[in-house]
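Undergrad: Below: one structure in structure tokens.
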Amino acid sequence: MSYTEEIYDRVVAQNPGEPEFHQAVKEVLESLKVVIDRNEELYRSQAILERLVEPERIISFRVPWVDDQGTVQVNKGYRVQFNSAIGPYKGGLRFHPSVNQSILKFLGFEQIFKNSLTGLPIGGGKGGSNFDPKGKSDREVMAFCQSFMTELSKYIGADTDVPAGDIGVGGREIGFLFGQYKRLRDLYEGVLTGKGLTYGGSLIRTQATGYGVVYILDEILKAHNDTLAGKTVCVTGSGNVAIYAVEKASQLGAKVVSVSDSNGYVCDPNGINLDVLKDIKEVKRGRIKEYAERVPGSVYTEGKGVWNIKCDIYLPCATQNELPLEGVKVLAANGCRYIVEGANMPTTLDATQYAQENGICFMPGKAANAGGVATSALEMSQNSMRLSWSAEEVDEKLHNIMINIFAKVDDAAKRYGMEDNYVVGANIAGFEKVVNAMLAQGIC
Ligand code: NDP
């Protein structure tokens, strides 16, 4: 049995009931096999893989808060501090009823390689709660965030662990969390990213993940002598990543014809109207169904199935495992040529494999959505220097980071004789820096 297979079996045996974590480890280890095999003796002697798949620390805590009816509610809170070989832990907080240790471990594990790919000094972490901000009043969200931070503040800091937003955690939540941290620790420091512009946030952070997805898509297209102009694009989700992927793709001349939420999806053959989308999601915090009520010619369909819309490019930007094998089969049959993941692990393993074997160029989330965390790291730099860069400066740095990520991924795939296999390329390129840092730092 190979070292990678041994470690995968060990992860499954030692982490029962954590299917998302198993899935993420499997994808990474399968990709790394070629690298591990070449250096097996060294890596085994240093237990590199055993250490890589074990989080440095997992903090789990109770989050009590009082709702508007005066009832005490209790949620679970977590922070997974996965790997600090190349910098302080960095990764978002997710507030969603589905959050559990498996999901946060998968996200934290992915974050190690993603952060490494950015070229910036940030380690991997992730956290969150099974709290659902949907339908809660601002006061309830504030009460929850204050209680969550009361516990989390003991374990984070500008040079230790710097959380950001993720599903269910946007500007409002980051503001409440930052206010409570400052009050408890009496420190005005860049302990969170995604902050508002009046208190240390960076221009372009809100747009960064979605823009970054389209910047890397543009690089992929160039590498295939293709262009975004005139292409039909399907986007899933209608949150932070989705909205700004729609915006940048439209700016670069593509026609985006879909967005979705967990209830259903909208198809707009005339191209998604961004003003309406932003008004529904960013201002009114409404449901995507309302889009079809407001925009003539668009159609709302209840349930899953964005993949049934014919497109050239598919950008899944909602959540993990949203794109199953049956969806990719339909996409391939309808002539879709590119899948670029805006969300984290939105494509199942069998669907990814099918895409790669059936002429679809596939870029995994850990490379494609790294623009968000990269811009978070730029926010950390600005906070440390106590200055702010202009939107143009940040956007240019983001664009260059995405160009470099594509180059690294493409180069790693080619070096190991697997040209165009960006899954392998992203995992290898991300791993190389982390493993060298781990080896240099001894057994820790
Ligand atoms: P948001 O909370 O802003 O939006 C999430 C979107 O996905 C919403 O439209 C939501 O619909 C939909 N969604 C969530 N859960 C499900 C589900 N179970 N089934 C179907 N749809 C669902 O989150 P973000 O846009 O920030 O994040 C989207 C993805 O991108 C996540 O995988 C996240 O980890 C990843 N990501 C985000 C980054 C960022 O900077 N924000 C950075 C890198 C990755 P509904 O409103 O119905 O819940």
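Undergrad: If you scan region 290-300, which residues turn out to be touching a residue at least 24 places away in the same chain (Cβ under 8 Å) and either surrounded by fewer than 17 Cβ atoms within 10 Å (Cβ to Cβ) or out of contact with any strand residue (DSSP E or B) (no Cβ under 7 Å at 6 or more places or on another chain) (or both)?
TA: Passing the criteria: Val295, Gly297, Val299.
Undergrad: Under the condition of being polar (S, T, N, Q) and in contact with a strand residue (DSSP E or B) (Cβ under 9 Å, 6 or more places away or on another chain), which residue from region 122-156 is farthest from Gly168 (Cα to Cα)?
TA: Thr150
Undergrad: Could you please find all residues in region 149-195 being within 18 Å of Phe82 (Cα to Cα) and either part of a helix (DSSP H, G or I) or at pLDDT below 95 (or both)?
TA: Scanning region 149-195 gives a single hit, Leu152.
Undergrad: Could you grab me the full set of residues in region 236-247 that are crowded, with 22+ Cβ neighbours inside 10 Å and not in a loop (DSSP other than H, G, I, E, B)?
TA: Thr236, Asn240, Val241, Ala242, Ile243, Tyr244, Ala245, Val246
Undergrad: With (1) in contact (Cβ under 8 Å) with a residue 60 or more places away in the chain; (2) farther than 19 Å from Leu217 by Cα as the list, and Asn240 as the residue in question, which single condition is left unmet?
TA: (2)
Undergrad: From the residues in region 166-188 that are within 14 Å of Met149 (Cβ to Cβ) and in contact (Cβ under 8 Å) with a residue 40 or more places away in the chain, which one is farthest from the ligand (Cβ to nearest atom)?
TA: Top of the filtered list is Leu177.
Undergrad: Within region 424-438, is there a residue that is surrounded by 15 or more Cβ atoms within 10 Å (Cβ to Cβ) and more than 23 Å from Gln23 (Cα to Cα)?
TA: Yes - at least one qualifying residue is present in region 424-438.
Undergrad: Give the residues of region 116-134 that are more than 11 Å from the ligand (Cβ to nearest atom) and outside any loop (DSSP other than H, G, I, E, B), sorted by residue number.
TA: Ser116, Leu117, Gly123, Gly124, Gly125, Gly127, Ser129
Undergrad: Hey, could you check region 260-283 for residues that are of a type in the set (Val, Ile, Thr) and touching a helix residue (DSSP H, G or I) at 6+ places or on another chain (Cβ under 6 Å) and say which is nearest to Ala318 (Cα to Cα)?
TA: Filtering region 260-283 for residues that are of a type in the set (Val, Ile, Thr) and touching a helix residue (DSSP H, G or I) at 6+ places or on another chain (Cβ under 6 Å), the one nearest to Ala318 (Cα to Cα) comes out as Val266.
Undergrad: Within region 207-235, which residues are surrounded by 24 or more Cβ atoms within 10 Å (Cβ to Cβ), part of a helix (DSSP H, G or I) and within 11 Å of the ligand (Cβ to nearest atom)?
TA: Within region 207-235, Ala208, Thr209, Gly210, Tyr211, Gly212, Val213 meet the criteria.
Undergrad: What do you reckon, is Gln146 within 16 Å of the ligand (Cβ to nearest atom) and part of a helix (DSSP H, G or I)?
TA: In short, no.
Undergrad: Val259 versus (1) within 15 Å of the ligand (Cβ to nearest atom); (2) not in a strand (DSSP E or B): which is the lone unmet condition?
TA: Of everything listed in (1) within 15 Å of the ligand (Cβ to nearest atom); (2) not in a strand (DSSP E or B), Val259 misses just condition (2).
Undergrad: Something else now. Quick test for you: out of Ala374, Ala318, pick the one residue that is within 11 Å of the ligand (Cβ to nearest atom) and out of contact with any strand residue (DSSP E or B) (no Cβ under 9 Å at 6 or more places or on another chain).
TA: Step by step, each of Ala374, Ala318 is checked, and only Ala374 is within 11 Å of the ligand (Cβ to nearest atom) and out of contact with any strand residue (DSSP E or B) (no Cβ under 9 Å at 6 or more places or on another chain).
Undergrad: Among the listed residues Ala343, Ala367, identify the single one that is surrounded by 23 or more Cβ atoms within 10 Å (Cβ to Cβ), within 16 Å of the ligand (Cβ to nearest atom) and part of a helix (DSSP H, G or I).
TA: Ala367
The values are calculated or read from the model by the stated rules, or taken from the named source; none is laboratory data. Bear in mind the structure is a predicted one, so any value in this text is a computation, not a measurement. Positions of Cβ are backbone-derived with ideal geometry, glycine not excepted, and every protein chain shown enters the neighbour counts.
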